Each structure stands twice: as structure tokens, then as C-alpha cells.
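Trainee: My structure is below; once you've seen it, I'll send some questions.
The values are calculated or read from the model by the stated rules, or taken from the named source; none is laboratory data. On a predicted model such as this, the values are computed, not experimentally measured, just so you know. Cβ sites come from the backbone with ideal geometry, for glycine too, and all protein chains shown count toward neighbours.
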Amino acid sequence: MKGGIVAVLAVFAIVSLIVQQGQAVTCGQVDAALVPCISYLTGHGDSPSPACCAGVKAVKGMAQTTADKRASCACVKAAANRYADLKDDAAQSLPTKCNVQMDIPVSRSVDCDKIN
């Protein structure tokens, strides 16, 4: 339990250092936030870790404008396509499992230009 709390705090610290007010979202930021989710997304676990959910919340926080939502979407899509063993059902359920209402679909085939 203590290790989980430390991991969540570490994710928040990394994301807060990376995200600066008024700057565009980068794939490096999105990737860093979602790295703890890879195990769950590739089928190694029934639920996402607290660090993973903290990362999902961080991505939501980064993507406030339409441009940032589209950029985050493109990053998530590119990351999903890098993992051949990514489980689509796990990816699509990730925001719900983390209790986060996302404006960005987690999908390999989403058209990010249609996100408002």
C-alpha cells in the first residue's frame, strides 16, 4: 500500500513538472503519465493501479482546450499502436475503471480531428 501511494505521488510530481500553464500538450507528457497503465492495458491485472489512474487523471487535466484534447488523443492513439498486445477492451474501459470522465477516447482507430 505504501509503495502505491509513493508511485501516485511520483506520477503527480513528474506531471506537474512537465505541464506548464499555457504550453501545448506533448506526447512525452501523455506517455509519462500513462506508463503505469501498460501492465493493465496488456492484460496483466484485473484493474489499473493507483499510479495508472493518477496518470489518467493527469492526462484529463492536461487536455483542457480542443487543441490539447486533439493532441492528447493523437498521442494516446500513437501509443496504443506501439503495443501489439494492447487489449482494446481494457483500453476502452480504462477511464471508467479509474472513475475519470474522459473527452479523449482510448482507441487505435479514433479520428482525433473530430474531438471538440
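Trainee: Which residue out of Ala80, Ala54, Ala67 is part of a helix (DSSP H, G or I), modelled with pLDDT under 95, crowded, with 18+ Cβ neighbours inside 10 Å and of a type in the set (A, V, I, L, M, F, W, C)?
Mentor: Values: Ala54 fails: modelled with pLDDT under 95; Ala67 fails: crowded, with 18+ Cβ neighbours inside 10 Å.
Step by step, each of Ala80, Ala54, Ala67 is checked, and only Ala80 is part of a helix (DSSP H, G or I), modelled with pLDDT under 95, crowded, with 18+ Cβ neighbours inside 10 Å and of a type in the set (A, V, I, L, M, F, W, C).
Trainee: Please work out which residue is nearest to Pro36 (Cα to Cα), limiting yourself to the range 92-113 and to residues that are at pLDDT 90 or above and not in a loop (DSSP other than H, G, I, E, B). Steps first, answer last, please.
Mentor: So in the range 92-113, the residues at pLDDT 90 or above come out as 93-101, 111-113.
This time we only want the ones that are not in a loop (DSSP other than H, G, I, E, B), so: 93-97, 112-113.
Numbers: Ser93: 16, Leu94: 12, Pro95: 14, Thr96: 16, Lys97: 14, Cys112: 23, Asp113: 27 Å.
Only one residue fits best here, namely Leu94.
Trainee: Name the single residue that is nearest to Ala32 (Cα to Cα) among those in the range 61-91 being more than 12 Å from the chain's Cα centre (by Cα) and basic (Lys, Arg).
Mentor: The residue in question is Arg82.
Trainee: Ok, one more. Just give me the residues in the range 40-51 being in a helix (DSSP H, G or I) and either over 21 Å from Asp85 (Cβ atoms) or modelled with pLDDT under 90 (or both), in sequence order.
Mentor: Start the filter on the range 40-51 by keeping residues that are in a helix (DSSP H, G or I), which leaves 40-41, 50-51.
Hit for the range 40-51 is Pro50, nothing else.
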